[in-house]
1. Once the Cβ-Cβ distance between A104 and K37 is put in as r, and R0 is 25 Å, what FRET efficiency do you end up with, to the nearest 0.05?
2. Considering every Cα-Cα pair within the chain, what fraction, in whole percent, is farther apart than 16 Å?
3. What is the order of C85, C71, fewest Cβ neighbours within 10 Å to most?
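Please treat every number below as a calculation from the coordinates, not as lab data. This one's a predicted model, so the numbers in the text were calculated from it and none came from an experiment. Backbone-built Cβ (ideal geometry, glycine too); neighbour counts: all protein chains shown.
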Amino acid sequence: MITVVAALIKQEDKVLIAKRTTGDKSVLGRWEFPGGKVEAEENEKYAIEREIKEEFDVDIKAVKFITNNICKYPSKVIDLRLYECEYIKGNFNLHDHSEYKFVAKDKILNYDLCPADIPLAKFIKEYNE
């Protein structure tokens, strides 16, 4: 099983999602909570901060674990772990995505999300911190 971390980054009442341009064919062109794989000997909070810096040139602070989803893809099984994150600084530059947007929680399921992200989006739609 591969551990993957994802960031829940909020702006007012909206959450960040991004459209993938890299990875498995089953996820290309689909929307996700951005993030990536946890490297060996790396803790999850550090991993999500590093991944967001690599993917967007933005600094964030991982605040707390929210929920996870185990998802079976044809070639692998991932444990997608969502962390609430605080935006610190930086302008969004895209490296692994073609678009990003902040969307209202009640509209998030209107997007073509990656399979692993759908249960997280359903949880977030009802989530009240």
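1. Values: r = 29 Å, r/R0 = 1.16.
FRET efficiency, A104 to K37: 0.30.
2. On the way: 4853 of 8256 pairs.
I get 59 percent for the Cα pairs in the chain exceeding 16 Å.
3. Working: C85 27, C71 18.
Least to most surrounded, the residues fall as C71, C85.
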